[in-house]
Amino acid sequence: MTLLGAVGLWILLWQGIAMLVNLPLLLPSPWQTILAAWQQWQQPMFWHSVLMSLLRIMGGFLLAMLAGVLLAWLCTRSQLAEALLAPIRTVIRSTPVSSFIILVLLWIKIDSVPTFISFLMVLPVVWHGMQEGISTLNPQLQEMARMYDFSRMKALRYVTLPQLLPFFRSTAATGSGIAWKAGIAAEVIARPTLSIGRHLQDTKVYLLTDQLFAWTLTVILLSILLERMLNRLFKVAGKGGKA
Amino acid sequence: MIALNHITAGYPNAPQVLHNLSYAFDEPGVYALMGASGIGKTTLLRVLAGLEKPVAGNIVGTQDKRIVMMFQEDRLLPWSSVLQNVLLGMQEPDDQQALEILKHLDIGGTAHLLLRELSGGMQRRVALARAIAFNAHILLMDEPFTGVDTQTVARIAPYVRNAAPFILFTSHSVSDAAAMGANMLELVDCSTLRIYTAQTAT
């Protein structure tokens, strides 16, 4: 079965249940959701909010990718760093995101909360994934690079990075999903002025279920778009180590 | 002349793979290093390549020389093309020269293929091409013809034997050594390296 067929089947099922329930306040139909989304897309405020959410969440995601790689590198090179920092990684991974959001609300500006939360939730994923990648680097290839007098840059480009790219790709894919979910959750609680999360919270307050579904649809579409863009980016980057 | 003087070398879990080993090679020349599996041939190459530091003894005649070792494993970059793998062995990458080397090794048509598209014997020759492309004065090769059929070895050996002024390679095949026109040596035990005789064939 193709992806389109599977999605179509689930939408049909959704339509069937919505017809059975027959109460849009509880479960709007797919058509009502698309209609609500279409109305949202006409408003400049919608795009402004989406852009601001994207910037906040992607900012946190990119910072986490950078910090995660650096921490992974540090922890692979230094046992002391690993001993000192591993408990922090475990605490971040095990703490519920809502605890962090509420705590962080007291410390930093509301606009920065989603960025910080996205960063915090993605960081341990990248850190752990990249540390695993670095620890599985093939020592025989590193020795070969030394034997053939590879410069540091040449070894990095042709030997090290191509080995790490699959790990980077998989952590980035997992991380971008986590960044989205955590970032939107942070926006729901922190309610920055222009944000998807604030609109989601408003739909709950005013019982606008079709709007809630429409915003959720937007979040899903953006998440898919982002993942595709990342994949495209990695494909281009992957060619850097090839002939 | 390259001389090994009372070399003792090994690894943490086998510290004396070589023990008080001495030998003098006349340079230039092509030498085939024979001997039973696990006797220390690879360790000897690694010591000469500078990859293992002897715990005792010294080596004369390798200082300031360009040395390269072709490993027992191909150690090629699977994400790069055949040509790119060879070019990476060069200090100053030269497509024409790399293609020429591949041609001499009977794999001229594979330049733009990925490694996974090649047979084991062909991949071995790519590793050999990279080692030759390094343009070393001392070329050390650990079983360079593994997986390569006898006829191909016979065809490419005259080219390989002229790839560097001093060549030392390990082998279990007398016919490969003969095809290379090599002086055959045998590592008998951890401290004895001597001229190979048919009676001591492994």
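Taking segment B:39-91, which residues are within 20 Å of B:A163 (Cα to Cα) and assigned to a strand (DSSP E or B)?
Answer for segment B:39-91, where residues must be within 20 Å of B:A163 (Cα to Cα) and assigned to a strand (DSSP E or B): B:I67, B:V68, B:M69, B:M70.
Out of all the residues in segment B:110-141, which are among the aliphatic types (A, V, I, L, M) and under 20 Å from B:R155 (Cβ atoms)?
B:A111, B:L118, B:M122, B:V126, B:A127, B:L128, B:A129, B:A131, B:I132, B:A133, B:L139, B:M141
Hey, does segment B:112-127 have a residue that's surrounded by fewer than 23 Cβ atoms within 10 Å (Cβ to Cβ), of a type in the set (S, T, N, Q), touching a residue at least 40 places away in the same chain (Cβ under 8 Å) and part of a loop (DSSP other than H, G, I, E, B)?
No; the residues of segment B:112-127 include none that is surrounded by fewer than 23 Cβ atoms within 10 Å (Cβ to Cβ), of a type in the set (S, T, N, Q), touching a residue at least 40 places away in the same chain (Cβ under 8 Å) and part of a loop (DSSP other than H, G, I, E, B).
To keep it simple, each residue is scored yes or no on (1) surrounded by 13 or more Cβ atoms within 10 Å (Cβ to Cβ); (2) more than 14 Å from chain B (Cβ to nearest Cβ); (3) small (G, A, S); (4) touching a residue at least 24 places away in the same chain (Cβ under 8 Å).
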| residue | (1), (2), (3), (4) |
| --- | --- |
| A:L120 | yes, yes, no, yes |
| A:H128 | yes, yes, no, yes |
| A:P139 | no, no, no, no |
| A:A155 | yes, no, yes, no |
| A:Q163 | yes, no, no, yes |
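Applying the selection to segment A:165-176, what residues are among the hydrophobic types (A, V, I, L, M, F, W, C) and exposed (fewer than 14 other Cβ atoms within 10 Å of the Cβ)?
none
For the list (1) touching a helix residue (DSSP H, G or I) at 6+ places or on another chain (Cβ under 8 Å); (2) within 14 Å of chain A (Cβ to nearest Cβ); (3) hydrophobic (A, V, I, L, M, F, W, C), I need the number of the one condition that B:M122 fails.
All conditions are met except number (2).
Determine whether B:Q72 is at pLDDT below 95, within 12 Å of chain A (Cβ to nearest Cβ) and within 17 Å of B:I132 (Cα to Cα).
No: the conditions fail for B:Q72.
Might you check whether a residue that is surrounded by fewer than 18 Cβ atoms within 10 Å (Cβ to Cβ) and touching an Asp or Glu at 6+ places or on another chain (Cβ under 9 Å) occurs anywhere in segment A:141-152?
no
Going through segment A:179-196 one residue at a time, which ones are part of a helix (DSSP H, G or I), touching a Lys or Arg at 6+ places or on another chain (Cβ under 8 Å) and crowded, with 24+ Cβ neighbours inside 10 Å?
A:G183, A:E187
Each row is one residue, and each column tells you yes or no for (1) in contact with a helix residue (DSSP H, G or I) (Cβ under 8 Å, 6 or more places away or on another chain); (2) under 30 Å from B:R116 (Cβ atoms); (3) more than 13 Å from chain A (Cβ to nearest Cβ); (4) buried (at least 21 other Cβ atoms within 10 Å of the Cβ).
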{"site": "B:I2", "(1), (2), (3), (4)": "yes, no, yes, no"}
{"site": "B:T8", "(1), (2), (3), (4)": "no, no, yes, no"}
{"site": "B:A14", "(1), (2), (3), (4)": "no, no, yes, no"}
{"site": "B:L18", "(1), (2), (3), (4)": "yes, no, yes, yes"}
{"site": "B:L21", "(1), (2), (3), (4)": "yes, no, yes, yes"}
{"site": "B:P28", "(1), (2), (3), (4)": "no, no, yes, no"}
{"site": "B:T43", "(1), (2), (3), (4)": "no, no, yes, yes"}
{"site": "B:A56", "(1), (2), (3), (4)": "no, no, yes, no"}
{"site": "B:I59", "(1), (2), (3), (4)": "yes, no, yes, no"}
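List pairs: first residue in segment A:142-153 and facing chain B (nearest Cβ under 10 Å), second residue of a type in the set (G, A, S) and buried (at least 16 other Cβ atoms within 10 Å of the Cβ) anywhere in the structure, Cβ distance under 7 angstrom, at least six positions apart or on different chains.
The qualifying pairs are A:A145/A:A155; A:M147/B:A49; A:Y148/B:G89.
Looking at segment B:132-198, what strands (runs of 3 or more DSSP E) fall wholly within it and have at least 1 residues that are within 14 Å of chain A (Cβ to nearest Cβ)?
B:138-142
Mind listing just one residue for me: the one in segment B:92-111 that is within 30 Å of B:I2 (Cα to Cα) and part of a loop (DSSP other than H, G, I, E, B) and, of those, farthest from the other protein chains (Cβ to nearest Cβ)?
Filtering first and then ranking leaves B:L105.
The values are calculated or read from the model by the stated rules, or taken from the named source; none is laboratory data. The shown structure was predicted, so the numbers you read here are calculated from the model rather than taken from an experiment. A quick note on method: Cβ atoms are made from the backbone with ideal geometry, for glycine too, and the neighbour counts reach across all protein chains shown.
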